[in-house]
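Notes to accompany the following structure.
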Amino acid sequence: MRVIAGTMKGRRLETPTWDGLRPTSDKLRETLFNILAPRIQGARVLDGYAGTGAVGIEALSRGAAHVTFVESDRRAAALIAGNLDKCRILNGYAIIQSTVLQATTQLRTSREPAFDVILLDPPYASDFHDALQHVGDIVKPDGVVVLEHARKSEPPVAPGRLTRVRDVKSGDSVLTFYTCQP
């Protein structure tokens with residue numbers, strides 16, 4: 001696994017030494033960031049279900065102003081910290097060791113500004129519907145939420161304040177894009 005583009009292009013990232021973590025492939029990350037390119041420079045990004053941190057690190061490499069990594073597994077949170085250190089990223093990020101639902105509640109009640117881009121890559125067997133319902137509360141009105149999921153699962157059309165606007169299929173995965181309803 002490596003950083004695809006930007007200031008850290010080519011840097012190798014550590015992968016998990018345990019089962020149960022499915023990092024987003026280089027090809028799918030490249031597709032995702034080719035689509036999001038105009039939105040990333042200077043953006044506040046939330047990387048939910050962050051795993052290795054590869055998606056958030058890619059955002060930082062491509063010019064995001066700040067990335068908040070949310071990961072409930074302590075081993076994965078440590079892996080994210082290690083990958084940030086390996087890439088010599090010293091600031092412009094926060095790691096929240098929590099579930100996405102808990103982090104959403106915490107972020108909604110804090111004085112932190114809303115996010116421009118929210119990236120969610122839950123385990124394919126998990127129920128992501130509740131998370132989608134709540135992340136609309138912390139995305140800017142002109143922001144975007146992207147859900148990576150298995151092709152066989154069907155995400156909701158309009159969860160909470162979000163409206164599904166696009167699906168991009170790649171192998172067994174799908175990137176579903178949502179925008180915020182007024």
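The values are calculated or read from the model by the stated rules, or taken from the named source; none is laboratory data. Note that the structure is a prediction, hence the values are computed from the model and not measured. We place every Cβ from the backbone using ideal geometry, glycine too, and count neighbours over all the protein chains shown. Just the protein is used for accessible areas: all its heavy atoms, side chains included, with ligands, DNA and RNA removed. Shrake-Rupley method; radii C 1.70, N 1.55, O 1.52, S 1.80 Å.
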Quick one: is Asp73 at pLDDT 95 or above and of a type in the set (Asp, Glu)? no
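Out of everything in region 97-111 that is within 24 Å of His129 (Cα to Cα) and open to solvent by 80 Å² or more (accessible area, probe 1.4 Å), what residue ends up being farthest from the chain's Cα centre (by Cα)?
First pass over region 97-111, keeping only residues within 24 Å of His129 (Cα to Cα): 97-110.
Within this subset, residues satisfying the condition of being open to solvent by 80 Å² or more (accessible area, probe 1.4 Å) are 97, 102, 106, 108-109.
Values: Gln97: 14, Gln102: 16, Gln106: 17, Arg108: 17, Thr109: 20 Å.
Filtering region 97-111 for residues that are within 24 Å of His129 (Cα to Cα) and open to solvent by 80 Å² or more (accessible area, probe 1.4 Å), the one farthest from the chain's Cα centre (by Cα) comes out as Thr109.
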Being touching a helix residue (DSSP H, G or I) at 6+ places or on another chain (Cβ under 6 Å), open to solvent by 60 Å² or more (accessible area, probe 1.4 Å) and either of a type in the set (Ser, Thr, Tyr) or in contact (Cβ under 8 Å) with a residue 24 or more places away in the chain (or both), is that true of even one residue in region 137-147? yes
Which residues, counting only those in region 17-48, are touching a Gly at 6+ places or on another chain (Cβ under 9 Å) and either open to solvent by less than 30 Å² (accessible area, probe 1.4 Å) or of a type in the set (S, T, N, Q) (or both)? Thr24, Ser25, Leu28, Phe33, Ile40, Gln41, Ala43, Val45, Leu46, Asp47
Please verify whether region 86-96 includes one or more residues that are touching a residue at least 24 places away in the same chain (Cβ under 8 Å) and buried (at least 23 other Cβ atoms within 10 Å of the Cβ). no
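Of the residues that make up region 1-16, is at least one of a type in the set (S, T, N, Q), at pLDDT below 95 and surrounded by fewer than 15 Cβ atoms within 10 Å (Cβ to Cβ)?
Quick first cut of region 1-16, residues of a type in the set (S, T, N, Q) only: 7, 15.
Keeping just the survivors that are at pLDDT below 95 gives 7, 15.
Okay, now just the ones that are also surrounded by fewer than 15 Cβ atoms within 10 Å (Cβ to Cβ), so 7, 15.
Yes: region 1-16 contains one or more residues that are of a type in the set (S, T, N, Q), at pLDDT below 95 and surrounded by fewer than 15 Cβ atoms within 10 Å (Cβ to Cβ).
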For region 21-30, check the following and say yes or no: at least one residue is β-branched (Val, Ile, Thr) and outside any loop (DSSP other than H, G, I, E, B). no
Restricting to region 52-77, name every residue that is open to solvent by 20 Å² or more (accessible area, probe 1.4 Å), more than 13 Å from the chain's Cα centre (by Cα) and either under 17 Å from Met1 (Cα atoms) or of a type in the set (Val, Ile, Thr) (or both). Arg62
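For region 122-136, enumerate the residues that are in contact with a helix residue (DSSP H, G or I) (Cβ under 8 Å, 6 or more places away or on another chain) and either touching a residue at least 40 places away in the same chain (Cβ under 8 Å) or buried (at least 16 other Cβ atoms within 10 Å of the Cβ) (or both). Working first, answer last.
Applying the first criterion (in contact with a helix residue (DSSP H, G or I) (Cβ under 8 Å, 6 or more places away or on another chain)) to region 122-136 yields 122, 130-131, 134-135.
Correct list: Pro122, Ala131, His134, Val135.
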Of all residues making up region 97-111, the number that are in contact (Cβ under 8 Å) with a residue 24 or more places away in the chain and not in a helix (DSSP H, G or I): 3
